Structures are given as C-alpha cells and as structure tokens.
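Peer 1: Quick one: the structure is below, questions incoming.
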Amino acid sequence: MTVIEPHEVVSCLDQDKAAADGQAIVQLMFIDADLMPVGTGRPRFHEVTYPDRSLFNGITALHSGLAHGEDELDLESSLTHLLTVLLARHADAPGAVSPTLRPRALRQVREMLHSQLSSNIKLDDLAAVAGCSKRHLIRSFRQAYGVPPHHYRTLLRLARAKSSLAAGRSVAETAAELGYCDQSQLNRHFRREFGMSAGGYARTVR
C-alpha cells in the first residue's frame, strides 16, 4: 500500500515496473480533509509504502464497491474506518480526540435513518444533522449504539425486509421498496448478516 501526502511526487517503484513489464496500473484515492482527525497538526507518514495486508484488502474491497456502485453510506463509512486504521497504525501526530456527541444529536441522526430508510442518505447528510465531522459522527454513533450509522441502517433495512418477505412480497419488490439498487445488493447484505440469501429466507418462512 502506497501513501502519498499532499504536494508529494512519487514515481512508480522499480519492482512494480518490473512486475508490470514497464507499465503499472495504479488506483488512486484522494481523501477528503474532513475525514482527517482534528488537532494541532495533520498526521505525517514517514514511509511511502506499508506492508499491511489487512488494510490493503480493505482498500481493495472499497475500490471494488466503488466500481460496482455499492451504497454511498456504506462506502463512505468503510473509507472512514480504513482511514482511522491507517492513521492509528502508520501515522505520527494523529491529533486530538474529540468528545463524544451529545445524546440529542445522536438521536436526531438515528431518527433520520429511521425516517428515510429507503433514501440514498450520504454521510455528509448525517454529519450535517449532528453538527460534526463525518469521522466524529461514526465514532460517537458506534459508542452509543454499538454499530456505525451505515450498519445500523442496514440492520433496519434487513428487519423490514424480513417482514416484507414473510408477508409474501418478492425479493425484487422488497429490494426496490427499501432503496437497494437491485435484488443482488439485498442478497449480499442478507448473506453477510444471516448466512443465506433473501430468497432462501423467504422460502423458509412461507
């Protein structure tokens, strides 16, 4: 994994050039400054490359999610988590930790997730309601409710999906009603949480 700080110019490493026969394909990700921790100074990275397999796998999965049009709230939350891990493991001077959000702000975020269950809510929208940074929101929400906002919303959707499927709705209809791109996206979330597809669940309850 390669980390390039602002204003740095880094050429392709020799071993990468050799492996790619003189040509290399690089996927770049530019980080929003709002995701960086607040403090007296910005984090510093003293190396260009870091041999961190779990972080590499997480970033690879994020690129795949971006390419396949996964839900924006999920993607933004994954990015924020990966950035937090990157800073904790490899950066110096990560900055001060902000206090946890007040319960009222967190309740407003939770109410928005409940009331707009089928909407394509963005992390920016939730942070605006809470009046804080996206990173601060994710940390505080997890502390209060046990899961970050995107996972909380997924659990709400899946609970609603279970009820809809049990009532006889099709997987495609249920996915559309809950704001999923298609039924395959609903199935991926279903398998991740319950170990079976939405269609498989429907067959067990009808």
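Peer 1: Taking region 149-176 as the search range and keeping residues that are hydroxyl-bearing (Ser, Thr, Tyr) and assigned to a helix (DSSP H, G or I), which one is surrounded by the most Cβ atoms within 10 Å (Cβ to Cβ)?
Peer 2: Among residues in region 149-176 that are hydroxyl-bearing (Ser, Thr, Tyr) and assigned to a helix (DSSP H, G or I), the one surrounded by the most Cβ atoms within 10 Å (Cβ to Cβ) is Thr174.
Peer 1: Looking at the structure I just gave you, is Gly179 part of a loop (DSSP other than H, G, I, E, B) and of a type in the set (Gly, Ala, Ser)?
Peer 2: yes
Peer 1: Further, regarding this structure: Filter region 181-193 down to the residues that are under 18 Å from Ala67 (Cα atoms) and either open to solvent by 40 Å² or more (accessible area, probe 1.4 Å) or touching a residue at least 40 places away in the same chain (Cβ under 8 Å) (or both) and list them by number.
Peer 2: Cys181, Asp182, Gln183, Ser184, Gln185, Arg188
Peer 1: Moving to a separate point now. Taking region 110-148 as the search range and keeping residues that are polar (S, T, N, Q) and assigned to a helix (DSSP H, G or I), which one is most open to solvent (accessible area, probe 1.4 Å)?
Peer 2: Here the answer is Gln143.
Peer 1: Return the residues of region 194-206 that are under 21 Å from His150 (Cβ atoms) and exposed (fewer than 14 other Cβ atoms within 10 Å of the Cβ); say none if nothing qualifies.
Peer 2: Correct list: Phe194, Gly195.
The values are calculated or read from the model by the stated rules, or taken from the named source; none is laboratory data. Since the structure is predicted, the reported quantities are computational estimates derived from the model, not experimental observations. Please note: Cβ atoms are built from the backbone with ideal geometry, for glycine as well, and neighbour counts cover all protein chains shown. When the accessible area is computed, the model is the full protein with side chains, heavy atoms only, and any ligands, DNA or RNA have been set aside. Shrake-Rupley method; radii C 1.70, N 1.55, O 1.52, S 1.80 Å.
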